[in-house]
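Report on one structure; see the data block that follows.
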Amino acid sequence: MRDFGGKTALVTGGASGIGRCIALRLAREGCDLALVDLNPEGLERVKVEVESLGRTATTHVVDVTDPGQVDALAAEVSPQVLVNCAGVFLLAEAETTSRAEFEKVIDVNLWGPLNTFWAFLPALKSSGGHIINIASADGLFAIPGSAAYSTSKFGLVGFSEVTGIELAAHGVGVTAVCPGLTWTPMAENLVTDGYRRDRVDSLIRYFKPLVFTTPEKLAAAAVRGAKKNRPVVVHTPLVRLLYFVKRLSPRLYRDLLGRPVHWMIRWASDR
């Protein structure tokens, strides 16, 4: 989609972080916004910001894991741009992740985009719209300590690629955006049960200048990639380098990065 002007964009996870920044970026591109989240106060704050840019915004408190709620929303809003940004993160190895924890992460990160896809596809097809799925570097190469999250994001990248091919004949573009660590409220609260706050803080302080991007930079890259109808946007030079190494030699990636990262995750654990 080369021109977002005059379009309506629906953004899930639009109350904060990456979703907020993408909503504001799209508003600057001329979009009106339908903001979706479970945080009504955050939605109202972003609505005011969108309106200050001269665009209109509606707010919708909707659980994207509930197909009924999403279908009801589709009866109210007919977007030409769909941005799936709602997500949750879990810092845990596969062995220590419960079935319930896996299900929660996959419900939000994968079933959420599937639910919105089915609900809004008729509107997107009729308008030749565009879908932006905020995935992750964890959907391109495995990062130890994020078993459930990586599983969900690999699924979202695959779903984005196959639907991008299937919907091309209908004029609908699909872009999967794969950033590394992005400094958002979710990133500031990475600790889950079983990890030491002080050690996680030490890792963040050391690696933040090297591996973190900002949600504003990510939003700009996502919109730029969608305007060029790119199937995948791999954000930040470091992520592109690691993705290249993984494709060049999965074994080399495992030995040079996977094992050291696994050691750091184990070091931060209190188990």
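The values are calculated or read from the model by the stated rules, or taken from the named source; none is laboratory data. As the structure is a prediction and not an experimental result, all values here were calculated from the model. In this analysis, Cβ positions are derived from the backbone assuming ideal geometry, glycine residues included, and neighbour counts consider all displayed protein chains.
Pull up region 30-56, narrow it to residues that are small (Gly, Ala, Ser) and not in a strand (DSSP E or B), then point me to the one that is surrounded by the most Cβ atoms within 10 Å (Cβ to Cβ). Here the residue is GLY42. Residue selection: PHE89 fails the criterion of being of a type in the set (Phe, Trp, Tyr), touching a helix residue (DSSP H, G or I) at 6+ places or on another chain (Cβ under 6 Å), in a helix (DSSP H, G or I) and crowded, with 17+ Cβ neighbours inside 10 Å.
Going through (1) over 27 Å from LEU181 (Cα atoms); (2) outside any strand (DSSP E or B); (3) in contact with a strand residue (DSSP E or B) (Cβ under 7 Å, 6 or more places away or on another chain) one by one, GLY6 falls short only on (3). Of the set (1) exposed (fewer than 15 other Cβ atoms within 10 Å of the Cβ); (2) of a type in the set (Ser, Thr, Tyr); (3) modelled with pLDDT of 95 or more, all apply to THR59 but (1). Here region 62-84 is the region considered, the condition is being without any contact (Cβ under 8 Å) to a residue 12 or more places away in the chain and farther than 18 Å from GLY129 by Cα, and the residue that is surrounded by the fewest Cβ atoms within 10 Å (Cβ to Cβ) is GLY68. The residue that is modelled with the lowest pLDDT, among those in region 114-168 that are part of a loop (DSSP other than H, G, I, E, B) and within 21 Å of VAL36 (Cβ to Cβ), is SER136.
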